[in-house]
């Protein structure tokens, strides 16, 4: 990172986002070109489509669709863990350039109804992934079950024993605990070996439970939690820990699905991602840790070249986050389908003013 | 309570609801007649109107408006704690038949922007209330403050030291900790003297945090919390503890205010209140504790006649809670303003089939 003397501009490598929902159909056509707009050129695309990406061929086809929409972006492809992912299919997937397999425990978030109930049933798959050098991405929550005292507040902490077991059983398997939201998760990942990393979203560094209660555009899974949990996320980021890096979990839904009787879970940060990060790291007084968090830590863990080519330059030129974006193919204006970004209508101190 | 031999009917005294928002204007005209529909004929009406009820005269006038809408209901009138409530005004209020004073810490819920920041400043008022035999009703939450680690999850627990102090300072003052949502609050009230009681809502006996996350019609303040907190509420109710009783905190908002960018806090239970209670107490196997909870415990604490005249009879005849109710003066149908009840469109096993 280079900053000019009076810190009115900052130049960074294009960022990497190791967890992003790019959807399909018109929403995909809308948000995929916004990846670069947000300062990102490497993005790990989630497989929880309808139907989910369950085979190597499906993921490869999806990658082609994304590539057409953003030719300069490097898409990291993933598969949705499912019974079709035999050790043979894992070999095929690895040979097809697919990097990671995503695990959703059943029923914890959008399109997780095909998710996993029993991790042990997948040990042969994990073993094949370990041998093939693939990455296991975990949505780290237990399904809520009031009879066991499990709810969305402790679902992540209750999952950590599973993370420990998987790491113990497959010590060479690279595992990413995604979108950590609790001090317990941060402490757990720190305590584990070099093959276990953790992504943190932009929004979980900004908000706590008070911000999503009564605010559906801030509602996501895992939910943002206590102030001390947010403090723990901020502290580990400020420490520059190399196994913690950006995975935005940007998850667009049509505005109508967010504002209604049962708002969908997901916060949409893609078009403003790196301006959000620069602004936050500046406010935390740790701009020196920014490049590691938004780029090099994750690239190293995923085995990518440490510095991608090109750069983005941000200027201390406040910009107002749009109220909403029109979804591709929809009418403009109030009658059209729209998607609302995180921090809509608020001013962010930094904006991207040049890319190379 | 009398039940017939095969328990297909239950006859109870008209219930008492010691915490209810009856609003003003068209919403008041809509919901006040529903008090009886829900099985209630004694109702403590909250003073957080716009503007709030800050003087005895205002409360008396409000009581007249309510009485016109429901001539057979006994309205217990309250005042909103504020600097106008001098010891002299308290004497006047007591002489006017006003029973209680409500305290909102500043900023914790609907229309609490006029709320209290410093309880000690009101000690002369509390002293006058103690002498006049008035009841202090507490919205028991500290305002959220991330720098102090306070959020909506621990705001109630953090308030309990204030409750203890008030009770110690004014041991003869009757205090009600309203809408308890946590095990900590239940334990605290149990540990205090005979002048401290606690209301519990219907919805907090039904739901936990998972039920309001992504469901704005279940969102209220204080928010429903962990399964173990709900367990504690259910256990104290099942125990028949005489200082715990029903205060529904039914809080209607127009549907448009609940389904939008920033849903208002409040769950609307008035029209289905006692059917909800009978159904829940049956499922908990403690129908023998029902009459105490919905009537006699609270009446005794508030110094009312222990049994009101008349009765309601419920029959095990399932009914479907309406999708919504049209607000008075509004057009019928989709274009009109409506209010959505708790458990809309779900079936409740018991319904009120006769009143006397």
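Rule-based calculations on the coordinates, nothing more; no lab input. The structure presented is a predicted model; accordingly, all values stated were derived computationally and were not measured. Cβ placement follows ideal geometry from the backbone for every residue including glycine, while neighbour counts extend to all protein chains displayed.
Take residue B:311, push a point 7 Å out from Cα through the beta-carbon direction, and compare it with the same point in every other copy: 8.6 nm, smallest first.
What is the mean number of Cβ atoms from other protein chains located within 10 Å of the Cβ atom of each residue in peptide A:141-152, rounded to a whole number?
On the way: counts 0, 0, 0, 6, 2, 9, 1, 1, 4, 3, 12, 6.
Per residue, the average neighbour count from other chains is 4.
Between residue A:235 and residue B:111, what FRET efficiency comes out of the Förster formula 1/(1 + (r/R0)^6) with R0 = 35 Å and r the beta carbon distance, rounded to 0.05? Efficiency computed from Cβ-Cβ geometry: 0.40. Per residue of peptide A:260-272, the mean number of Cβ atoms on other chains within 10 Å of the residue Cβ is 2.
I need the Kirkwood Rh of segment B:80-200: take the reciprocal of the average 1/r across all distinct C-alpha pairs and report it in angstrom. Each step should come with its number before you reach the end.
Numbers: mean 1/r = 0.0684 Å⁻¹.
After inverting the mean inverse Cα-Cα distance, the result is 14.6 Å.
For segment B:257-329 versus segment A:33-111, the spacing of their alpha-carbon centroids is 50 Å. Peptide B:210-221 is shielded by partner chain Cβ atoms: per residue, an average of 5 of them sit within 10 Å of its Cβ.
If you wrap segment A:162-313's Cα atoms in a convex hull and average its projection over all directions, what's the area in nm²? Walk me through the numbers before you get to the answer.
Numbers: hull surface 39.7 nm².
Approximately 9.9 nm², given one-decimal rounding.
Could you please rank A:231, A:288, placing first whichever residue has the fewest other Cβ atoms within 10 Å of its Cβ?
Fewest to most other Cβ atoms nearby, the residues stand as A:288, A:231.
When only alpha carbons of segment B:2-113 are considered, Rg and Dmax amount to 16.2, 56 Å. For residue A:306 and residue A:191, a Förster radius of 30 Å and the Cβ-Cβ distance give a FRET efficiency of 0.70, rounded to the nearest 0.05. Taking A:224, A:213, A:185 in turn, the Gaussian network model of chain A (Cα-Cα springs below 10 Å) assigns the largest fluctuation to A:213. Annotation: the residues A:147, A:127, A:295, sorted from fewest to most other C-beta atoms within 10 Å of their own C-beta, follow the order A:147, A:127, A:295.
Kirkwood radius for the protein assembly as shown, taken over all pairs of different Cα atoms as the inverse mean of 1/r, rounds to 27.6 Å.
As a test of the formula, what do you get for the protein assembly as shown when each DSSP H run with n ≥ 4 contributes -39,500 (n - 2.57) and the sum is divided by the residue count, at 222 nm and rounded to the nearest 500 deg cm²/dmol? Present the calculation step by step, with values, prior to reporting the outcome.
Values: 26 runs with 220 residues, N = 712.
Calculated at 222 nm, the ellipticity per residue is -8500 deg cm²/dmol.
Normalised by 2.2 N^0.38 Å, where N counts its residues, the alpha-carbon radius of gyration of segment A:198-274 equals 1.13. With springs only between Cα atoms under 10 Å apart, run a GNM on chain A and tell me which of A:110, A:181, A:270 wobbles the most. Result for chain A, Cα springs under 10 Å: A:110 fluctuates most.
Divide the volume of the convex hull of the Cα atoms of segment A:122-180 by its number of residues and quote the answer in cubic angstrom per residue. Walk me through the numbers before you get to the answer.
Values: hull volume 4.6 nm³, N = 59.
In segment A:122-180, the Cα hull volume divided by residue count equals 78 Å³.
Placing a label point 7 Å from the Cα of residue A:288 along the Cα-to-Cβ direction, the residues of segment A:1-43 with a backbone N closer than 20 Å are A:1-13.
Rounded to the nearest 0.05, what FRET efficiency do residue B:261 and residue B:326 have when you use their Cβ-Cβ distance and R0 = 35 Å?
On the way: r = 24 Å, r/R0 = 0.68.
Given R0 = 35 Å and the Cβ-Cβ separation, E is 0.90.
The residues A:96, B:250, when put in order of fewest to most other Cβ atoms within 10 Å, stand as A:96, B:250.
Both numbers refer to the Cα atoms of chain B; Rg and Dmax are 19.1, 59 Å. Springs between Cα atoms under 10 Å define the GNM used for chain A, and in it the highest mean-square fluctuation of A:170, A:342, A:18 occurs at A:170. Shown here: segment B:132-248, whose C-alpha atoms stretch 44, 37, 22 Å along the first, second and third principal axes, sorted largest to smallest. Dividing the mean sequence gap of close Cα pairs (under 8 Å, 6+ apart) by how many residues chain A holds gives a relative contact order of 19 percent.
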